[in-house]
Amino acid sequence: MRKFRLVAPFMTAVLVLTACGNGDGGDDGDADVPEGDGEITVTSLWGGTEQEAFEAVLAAFEEESGITATYESQRTEYASFLRNRIQGGNPPDVAIIPGIGTLRSLARDGSLISISELGIAQSDIEGNYAPGILDVGVVDDELYGIMVKLNSKSTIFYSPERFAEMGVEPAETWDDLVALTESIKEAGSTPWALGAQDSWTLTDWFEITYLKMHGTEAYDTLFSPDGDWTDETVTATIDKMLEILNEENIEGGVDGSLATLFVAAIGKVFSTSPSAELYYGGGFVGGIATGADVNPDLAGQEGEAIDWFGFPTIDGNGEGLVTYGGDVMAALVNDSDVAAFMEYLTTADAGQVWAEGGTIISPIVDVDTGVYPTVLIQAEADQVTSAEAVRFDGSDLLPGTDLGAVLQSALRGEDMGPILEEFQTATSTAWENE
Amino acid sequence: MTALQDTTVQAPPRTASERLARFVGKSPVHIILGIIALLWLVPTIGLLITSFRPGADMRATGWWNVIVEPRFTLANYERVLTNEGMGQAFLNSLFITVPSTILPLLVASMAAFALAWVKFPFRDTVFLTIVAMLIVPVQVGFIPLVVAMRESGMPLLTTYAGAWLAHTAFALPFGIFLLRNFFITLPKDLIEAARIDGASNWAIFRTIVVPLSVPAIAAYGIFQFLWVWNDLLMALIYVQRTTLQPMTYQVTTLLGTYATEWSLLSAAAFLVMVVPLVVFISLQRYFVQGLLAGSVK
Amino acid sequence: MTAENPPVAVSTTATASKGGGGFSWAALFFLAPAALLLLVFLLFPTVYTIALSFNRGRAGEFTEWTGLDNWIRLFTEDPNFLRLGFPPSGALWNNVLWLVFYVSLVVLAGLIIAVMATRVRYEAWIKAIVFLPQAIAATSLAVIWSFVYAPDRNTGLMNAVLGIADIGPVALLGNPSTVNWALIAVGIWGSVGFATVILSAAIKGISSEVLEAARVDGANETQIFWRIIVPMVSLPIAVVAVTLVVNVIKLFDLIFVMTQGGPGTSSRVIAFSMYQDAFRQGQYGYGAAIAVVMVVLLLPVMIFNVRRFRAEAVQQ
């Protein structure tokens, strides 16, 4: 553990010097990386505590390299903001992008600088990441986006105290989960909270259920241009979801959940006057539940008043499979400062500073899980690193069609046949036109 | 209220009982109009009251409860002005709107003057073309103009300059139309006399036409001011620095961040409304006259 | 909603409307700034956008000729824009809904309020109250009404009122089958004042003798309204209607702030689709095609305006 403190800065210095001094570019290319002017701007859509945690990383970078990195927060209209700035000739230097569809589109527009163009060799940084993580940012065989943070999306949150009162326990299989749902109802409480107005909560449900039921290959195919949304695996998954997500099991019923945003739904389980017992979501739920928006009194009670268990296996399938969500960073301007910054973020040092902020899980393997501030996040990091296979949030891979809206219709009990057909047409058209 | 005040078309009642009978006879009208007044006032008032209510109250009960439990605070406004950027956004709105009102006034009145009082070939065709351009939506401008502004090499997108120019340009067809149609109603003899006396066109413009056209120019100015102040889309596209964004943009950001924090949202929404409401109420006469000049012969 | 383009003025006592005469430096001087701005900011972009609609338009530039592909896709393969079926749906269809209901109801309400207001002493106040929303930004309108529609009895006025009759709570904005009506209602609320003021002035222009004569002949108020008032103000009605039509085609702010075209894409309108496809999805050529559709839809309005001007000019 100790030696990291020395190795990391040393490595960074070496990397920075290599990047700066190497006029002929790195291993992979002939990239002639122009000199930077000592300042870069980085944008993402974070605010609040996420922004603070990230700005600590920027400060650490400035200390290491002398380059000033300024953060610009763009909380709404992120994709159009990026495109507009690119079109307008004043793009940010580095952009952190949550949707891979946007990444692909921008890369194909020629608006992004590939990692090799920056003088960074992919082989140099590959070792820092678990297999498959860097592939998410590859467009047409070129690496453009490097994963900078992630959250598990295989966590179901609950209150251990209330579980003890009701005499129930977390579930490990789907059937157990259904039984748990029933037991909670018998104990007089409402089982599930769902923020279906934020339709991405439904896509999260869909993705983890699909992955567990049908495995990694089917998952990869579905979220690719070859995907077939009219396939029976899709309808089987939706039906499975609806076994739990229905009028009797959701707080507020279907209509109520469709009018509830995700933070409010988290509040239904964890606020001072809870009305539900289970919330499925990403690992970031813990931070939100113990934060100012829901119930700050819970902070420090992780493990007692708030905890999570992993999404169950389904009919014996899906052990060790985890879905996760994350953001990738991409370069929009080619200069040595940008290269230095991107490289810094691939180091365990940067990952550690960021991890200490408690808002993210770092994808960098060498970050010691002990630095995460709460047991919930540590467990989450363990879940991701020890998973048998991880799969990126599928709806963020799609080329802009709205899976969430389709699932909202499913929740409402609409006839999915024509809806899925239309979705298939729209999605395949969108893949073609990207 | 004078602009909207008009005499009714019936003979006034004489005795008190006649008045009463008249009132009762019209009571369905009164009731309906009363309902209409409520419908048009209550939503806005509800938001206003909410902006002054403590957040905890807002979460617990409806704003109508202030009738029984009046509790007010300025905390929402304070927070929105300092922490959430509305203070800066207010200044930004001012910086965008004022030039975007003055420039079109100048450019449109000059063009309108030429179209009204200067003889030149194809004048009618030029005017017709401008009439045709009234319908051009701002959407056709976005893609080409951002690219053009970038290629120009001038800092049009990183300052307000691009927005000023775009707002001015899109305001011209209506302005030229309105002002030209007003200018031609000015007394021909006055202008002819000035010409005979050797006055230049600029002198005629400056000393005769403009002073006599204050109502029309004021009306146009007010329209334009309201339009730019309340605009969202042009700012989204042509102002490419987050720190320069006007209040309308800031409110949408807040909506994204604080979806149901009505205390904050209402305060922000009201801050956007304050200046237009003041302008509108105090200069309402011109506004209405401008509208009417446009439509009724 | 603020009328972006208040109704077009018509020349009345034009005296110097005819052109002619020799070339004039003065004319050039006075017209140059406007001409320059109009050419650069309106004409050039219109041409560029039309051309871009036949192109892929990556990053807004002419990168790859696609011919009619965008157009075919727009009208036949994009259910978010137009889905012909029973019932039809899509952004274009939503604009049609707005055209039919918003325009007719605003005109009707405007007329009725104008007529009723003439009977009372507080007429000016009524008109002012109804007209007030014209000064309010669409952004703020969206906040006001999202608040009214809030799906919670303790927050949203509408559900509180419905709650008295023990109905609901209903989430109008969250339900695809009600969202468009909820939005149209807001649009009507914002525009009735505009119609009222203009039509009120027009109604004042009707000579009271005609009205008195009709009353003497035994006509009741409804008959007077439909048989006398409405026909006599048909031109101002047309002008108001045309302005409202333009509002509908250009409708963006309200949808953008209140629902983002949602739930899903059920409340989209074409101006929103243009923004979404061009600026969020980066499909600039496709978005350009939508912008051209907007212009094409507005052409009838342009013809109406030009004809009116010409008709007036002829009368001199």
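Are there helices (runs of 4 or more DSSP H) fully within the range C:226-316 with at least 1 residues that are without any contact (Cβ under 8 Å) to a residue 40 or more places away in the chain, within 14 Å of chain A (Cβ to nearest Cβ) and among the β-branched types (Val, Ile, Thr)? List them. Helices (runs of 4 or more DSSP H) meeting the threshold: none at all. Scanning the range A:66-80 for residues that are over 15 Å from A:Glu55 (Cβ atoms) and aliphatic (A, V, I, L, M) gives a single hit, A:Ala79. For the range C:115-142, a residue qualifies if it is under 20 Å from the mean Cα position of the chain (by Cα) and not aromatic (Phe, Trp, Tyr), and the qualifying residues are C:Val130, C:Leu132, C:Pro133, C:Gln134, C:Ala135, C:Ile136, C:Ala137, C:Ala138, C:Thr139, C:Ser140, C:Leu141, C:Ala142. In the condition set (1) out of contact with any strand residue (DSSP E or B) (no Cβ under 7 Å at 6 or more places or on another chain); (2) assigned to a helix (DSSP H, G or I), A:Glu380 is compliant with all but (1). All of A:Asp366, A:Asp297 fail the test of being surrounded by fewer than 18 Cβ atoms within 10 Å (Cβ to Cβ), modelled with pLDDT under 90, among the charged types (D, E, K, R) and assigned by TED's automatic domain parsing to the domain that holds A:Ser114, apart from A:Asp366. Scan the range B:159-169 for residues that are more than 7 Å from chain C (Cβ to nearest Cβ) and either in contact with a Lys or Arg (Cβ under 6 Å, 6 or more places away or on another chain) or among the hydroxyl-bearing types (Ser, Thr, Tyr) (or both) and the total you get is 2. The C-beta contact set for the range A:393-406 (first residue in contact (Cβ under 8 Å) with a residue 60 or more places away in the chain, second residue part of a loop (DSSP other than H, G, I, E, B) and aromatic (Phe, Trp, Tyr), distance under 6 angstrom, 6+ apart or interchain) comprises A:Gly394/A:Phe223; A:Leu397/A:Phe223.
Yes/no per residue for (1) assigned to a helix (DSSP H, G or I); (2) facing another protein chain (nearest Cβ under 8 Å):
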residue	(1), (2)
B:Lys119	no, yes
B:Thr129	yes, no
B:Met154	no, no
B:Leu157	no, yes
B:Ala171	yes, no
B:Gly175	yes, no
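In the set A:Gln378, A:Gln424, only one residue is crowded, with 17+ Cβ neighbours inside 10 Å and in contact with a helix residue (DSSP H, G or I) (Cβ under 8 Å, 6 or more places away or on another chain); that residue is A:Gln378. Checking each residue of the range A:255-265 against the condition of being surrounded by fewer than 19 Cβ atoms within 10 Å (Cβ to Cβ) and touching a residue at least 24 places away in the same chain (Cβ under 8 Å) gives at least one match.
Would you confirm whether or not the range B:86-101 contains a residue that is more than 9 Å from every other protein chain (Cβ to nearest Cβ), under 21 Å from C:Leu39 (Cα atoms), of a type outside the set (Gly, Ala, Ser) and surrounded by fewer than 18 Cβ atoms within 10 Å (Cβ to Cβ)? Checked the range B:86-101: no residue is more than 9 Å from every other protein chain (Cβ to nearest Cβ), under 21 Å from C:Leu39 (Cα atoms), of a type outside the set (Gly, Ala, Ser) and surrounded by fewer than 18 Cβ atoms within 10 Å (Cβ to Cβ). Of all residues in the range A:45-98, which are assigned to a strand (DSSP E or B), more than 8 Å from chain B (Cβ to nearest Cβ) and of a type outside the set (Ser, Thr, Tyr)? Passing the criteria: A:Ala69, A:Val94, A:Ala95, A:Ile96, A:Ile97.
Being assigned to a helix (DSSP H, G or I), more than 9 Å from chain C (Cβ to nearest Cβ), modelled with pLDDT of 90 or more and within 31 Å of the chain's Cα centre (by Cα) holds for only one residue in B:Ile32, B:Ile36, B:Ile49, and it is B:Ile49. Can you tell me which residue in the range C:154-170 is modelled with the lowest pLDDT, limited to those that are buried (at least 18 other Cβ atoms within 10 Å of the Cβ) and closer than 14 Å to B:Thr260 by Cα? Selected residue: C:Thr155. The residue that is surrounded by the fewest Cβ atoms within 10 Å (Cβ to Cβ), counting only those in the range C:69-117 that are of a type in the set (Gly, Ala, Ser) and without any contact (Cβ under 8 Å) to a residue 60 or more places away in the chain, is C:Gly85.
Note on the range C:109-190: enclosed helices (runs of 4 or more DSSP H) holding 1 or more residues that are more than 30 Å from C:Ile228 (Cβ to Cβ) and at the interface with another protein chain (Cβ under 7 Å from one of its Cβ atoms) are C:138-148, C:157-164.
If you check B:Ala194 against the conditions, is it of a type in the set (A, V, I, L, M), within 24 Å of the chain's Cα centre (by Cα) and away from chain C (no Cβ under 11 Å)? No; evaluated as a whole, the condition is false for this residue. Looking only at the range C:182-204, decide whether some residue is without any contact (Cβ under 8 Å) to a residue 24 or more places away in the chain, among the polar types (S, T, N, Q) and more than 30 Å from A:Val254 (Cα to Cα). The answer is no; no qualifying residue exists. Here B:Pro137 clears all of (1) surrounded by 20 or more Cβ atoms within 10 Å (Cβ to Cβ); (2) not in a loop (DSSP other than H, G, I, E, B) except the condition numbered (2).
The values are calculated or read from the model by the stated rules, or taken from the named source; none is laboratory data. Please read all numbers here as calculations on a predicted model, not as lab measurements. Cβ: placed from backbone, ideal geometry, glycine included. Neighbour counts: every protein chain shown.
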